[in-house]
Amino acid sequence: MMASEDKSFAAPKKPRILLAASGSVAAMKFGNLCNCFSEWGEVRAVVTKSSLHFIDRTTLPKSVVVYSDDDEWSSWKRIGDSVLHIELRRWADILIIAPLSANTLAKIAGGLCDNLLTCIVRAWDYSKPIFVAPAMNTLMWNNPFTERHLLTIDELGISLIPPVSKRLACGDIGNGAMAEPSLIFSTVRLYMEQSKLVSQ
Ligand code: PCO
């Protein structure tokens, strides 16, 4: 048998996708995003408190378990009990944050970890990929902090799926809208297949 041939009978493992939403109006598309990824991998979701303003829970597939800050410490009573942000980062093959708000971008770039999502990022094993799809008002996107923060997260090894120009939630027209869920899905899937992190 050739070394490269796989003659095992085991079903190929589905990629374990950790999908996260932070507080931007674009979180209204989170259900759509979860549906795209659920057809391909095993999906678990992490939501921040602010993202919950925009997420309609009824749009999330039933198979997707949703974790929020309240879950982080509710199961922890004593040393030896599991810590949720560590369990989730061990479980995941990849983390995708879509939308990534200006605030969560700044927190990640500054190393802050004050909620479930930022604790996962701070505790991340960077041999595994993270993708982010920012979404924010054009002036926030054009603010000099954004470039500084993007440079910093790029150095950490986080991959960017850039925002696009269109009419935003507030009526402004310009860059800052989250990339379409279908584009986020195809970008991540292509990456995982090309880097052989998942079988095709
Ligand atoms: C706030 N921010 C935004 C967020 C970025 N906008 C978007 C799109 C949505 C509609 O297609 C809201 C998803 O425009 O990602 O608008 C203040 S202006």
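Against the definition (within 28 Å of ASP71 (Cα to Cα), of a type outside the set (A, V, I, L, M) and open to solvent by 20 Å² or more (accessible area, probe 1.4 Å)), how does TYR191 come out, yes or no? Spelling it out, it is not the case that TYR191 is within 28 Å of ASP71 (Cα to Cα), of a type outside the set (A, V, I, L, M) and open to solvent by 20 Å² or more (accessible area, probe 1.4 Å). Only residues that are of a type outside the set (A, V, I, L, M, F, W, C), part of a loop (DSSP other than H, G, I, E, B) and farther than 24 Å from ILE94 by Cβ were counted in segment 149-186, giving 2.
Quick grid of which residues meet (1) at pLDDT 95 or above; (2) within 24 Å of TYR191 (Cβ to Cβ); (3) among the small types (Gly, Ala, Ser):
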{"site": "MET2", "(1), (2), (3)": "no, no, no"}
{"site": "ASP6", "(1), (2), (3)": "no, yes, no"}
{"site": "PHE30", "(1), (2), (3)": "yes, yes, no"}
{"site": "SER38", "(1), (2), (3)": "yes, yes, yes"}
{"site": "VAL46", "(1), (2), (3)": "yes, yes, no"}
{"site": "SER74", "(1), (2), (3)": "no, no, yes"}
{"site": "GLU87", "(1), (2), (3)": "yes, no, no"}
{"site": "ILE94", "(1), (2), (3)": "yes, yes, no"}
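Quick grid of which residues meet (1) of a type in the set (Gly, Ala, Ser); (2) more than 16 Å from the ligand (Cβ to nearest atom):
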{"site": "ASN103", "(1), (2)": "no, no"}
{"site": "MET140", "(1), (2)": "no, no"}
{"site": "ARG148", "(1), (2)": "no, yes"}
{"site": "LEU156", "(1), (2)": "no, yes"}
{"site": "CYS170", "(1), (2)": "no, no"}
{"site": "ILE173", "(1), (2)": "no, no"}
{"site": "SER182", "(1), (2)": "yes, no"}
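The values are calculated or read from the model by the stated rules, or taken from the named source; none is laboratory data. Being a predicted model, the structure only gives us computed values, none of them experimental. Glycine gets a Cβ as well: all are built from the backbone with ideal geometry, and neighbour counts include every protein chain shown. In case anyone asks, the SASA skips ligands and DNA or RNA and just uses the protein heavy atoms, side chains included. Shrake-Rupley method; radii C 1.70, N 1.55, O 1.52, S 1.80 Å.
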